[in-house]
1. Give me A:S106, A:S179, B:S288 ranked fewest to most by other Cβ atoms within 10 Å of their Cβ, as a rough exposure proxy.
2. For peptide B:205-218, compute the average count of partner chain beta-carbon atoms within 10 Å of each residue's beta-carbon.
3. Based on the mean of other beta carbon atoms within 10 Å per residue, what is the order of B:142-148, A:202-208, most packed first?
4. For the pair A:L35/A:I83, report the inter-label distance in nm, with labels modelled 7 Å from Cα in the Cβ direction.
5. Which peptide among B:151-161, A:57-67 comes first, and what is the full order, when sorted by highest mean count of other Cβ atoms within 10 Å?
6. For A:K306, list the lysines whose Cα falls under 16 Å from its own Cα; do not include residues on the same chain fewer than 8 positions away.
7. Using amide H atoms built 1.01 Å from N in the peptide plane, name the residues 5+ places from A:T73, or on other chains, whose amide H lies under 5 Å from its own.
8. Would you kindly derive the ³J(HN,Hα) couplings of region B:213-221 from the backbone phi angles with the Karplus curve 6.51 cos²θ - 1.76 cosθ + 1.60 (θ = phi - 60°), listing them in order in whole Hz, with x for Gly and Pro?
Amino acid sequence: MSRAGISTAHSVVAPTNLAKCVAMALVIVYALVTLVPLGWILLTSIKSPPDSISYPPKVLFEPSIQGYCNLFTTRSRQTEAYIRSLPPADSACERIARANSMVVVSRSNYLPRFVNSLIIAVGSTLLSVGLGVMAAYAFSRFKVPGKDDLLFFILSTRMMPPIAVAIPIYLMYREIGLSDTRLGMILLYSAVNVSLAVWLLKGFIDEIPREYEEAAMIDGYTRLQAFRKVVLPQATTGIVATAIFCLIFSWNEYAFAVLLTSGEAQTAPPFIPIIIGEGGQDWPAVAAGTALFLVPILVFTVLLRKHLLRGITFGAVRK
Amino acid sequence: MTTSSIGTRAAQATPPALAQRVRGLSDRAIAWLFIAPTMLLLLAINIFPLIWTIRLSFTNFRANRPNAEVLNVGIDHYVAILNDPDIWGPMQATAHFLFWTITLQTLIGFTLAYLIDRKFRGHGFWTTLILIPMMLSPAVVGNFWAFLYQPQIGLFNYVVSFFTGIPPSSFEMLGSVKLAPWAIVIVDTWMWTPYVMLICLAGLRSIPDYIYEAAEVDRASAWRQFWSITLPMVLPFIMLAVLFRGIENFKMFDLVNLLTSGGPGSTTEVVSITLKREAFEKWRTGYSSALAIILFVAVFGLANIYVKALNAVKNR
């Protein structure tokens, strides 16, 4: 931050043009190589199953929406005679299925799993950010006895290996009827996320001058009104950034999801790896499921660019 | 400037009706009201289960036989785990994974950060692209890497054979005892190098220019500047990144579970996988609870060091 003013004055330490070019070339090469697996996911998702497993791997091929069709439907194999006896296909997916001597039977579980992911991620984000902003405000503004210990306690809950707490949570949820429910997963992810929310939001609220609230309170606001009408609007950016981090965590989470959900409340991450076709994994369908699942995160990463560093270090490093 | 004194002054300066409103809830009450829900949630979903785990670790309880008689076995499980030669397999697998992922990620991450800090045109754009892998779901992406690693048809094997001439079906990244530990290291490095890079970049940007200018005036060589200015000043940031990655990779479950599930045999069985096998496949709940507690104590120790380091970086 402070360097801008100095470095423009004289360029003693500015990198030479050659150094810049070399650096640029190396960084671009790394970026391109690192994106190959992601590009491959996109390519595979629009391949036909035979193209996806051909050797050598095909870069040029006839694009096909079969992967996406297979992702959203279940199909069964039928005899030629039966298929010929059917009325004309009414959808592209049906036509593709019939070309492979199959008929579409029903919708697959992908969409419900995707919706579960969405509901659980949004629900837990609202809950953890709501709780987090309150606790963060209290820690930021008031003298709380044992504040540092409480904050450390909140952070330390994040250090637990998920599998270690999964056993008793599994037993507990079984007792109280929360196993394999969305509510159970929302509560669980909120508990994991609230530590991040408190730490990040405390940093953001610390940066809002206390004088604003004090002025508001002198004008007749109560503490709660000042919190609602002065602090919250000021902290909007921080709250949004924190919410996106919580959203991404819940969206991506796998360990709890695979151990604690199996049907009703199962999210997409445990579901995508078990998408199978006839005779093994249906890679175009898996790739299609993966691609659709990753798109929201790509958007959020771009939105979060500026706050990324802060989020991944629990607010320890700020730019 | 205590807030309560301002509140009192405001109360004295305003008519009684308003004064009552200003006082409203006392700050103390608000503080507890605001903190309590978070604490309750953490107590219910984190601390209560933890205490339950501790209790279970002293019993022979099995979650798949909830009606069987539960016997107290004292510290038998702990003794068994610490004396079990089989536990050193997973410990070694974890150590191999930790050591290599952290080494590679630090080296590549720092180098990248250093290059990006040359501030060439468009560095912001390329940085964002590089950051993408770490934002994605390890499980979903890890699963796809299993496809890239397929011996005959996988892109990874094809690329390796393209550059080295080794036939692509002659090696199995996930199926061979020798290669599987490296397969998981490669995916983790691919995924988390950007994380280390981002923290290193913050470290590099925190070094004020005048230090380099002073060194320039003293005619310190570029090499010398790197070793006596750049590296020492970025070191706390690198430490922070290493500790974060250390804690996360010590708990590593999703990537490994999807790539190898601990196989072939148990060559890539890191401790989280062992825990899952004991708890959810063999249903030895008591034994796995004891193992979970041992791991938790280890991670908690790491966490303590981490918080100290974190404060050191913060207070610079």
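1. Lowest to highest Cβ neighbour count: A:S106, A:S179, B:S288.
2. Average neighbour count from other chains, rounded to a whole number: 4.
3. The packing order, highest mean first, is B:142-148, A:202-208.
4. 3.9
5. Ranking the peptides B:151-161, A:57-67 by packing returns B:151-161, A:57-67.
6. Qualifying lysines at Cα under 16 Å: A:K319.
7. A:S108
8. For region B:213-221, the Karplus-derived couplings read 5, 4, 5, 4, 4, 7, 6, 6, 5 Hz, x marking Gly and Pro.
Here, each number is a calculation from the coordinates, and none is a lab measurement. Small disclaimer: the values here were computed from a predicted structure and weren't measured. Quick reminder, even Gly has a Cβ in these numbers, built from the backbone with ideal geometry, and neighbours come from all protein chains shown.
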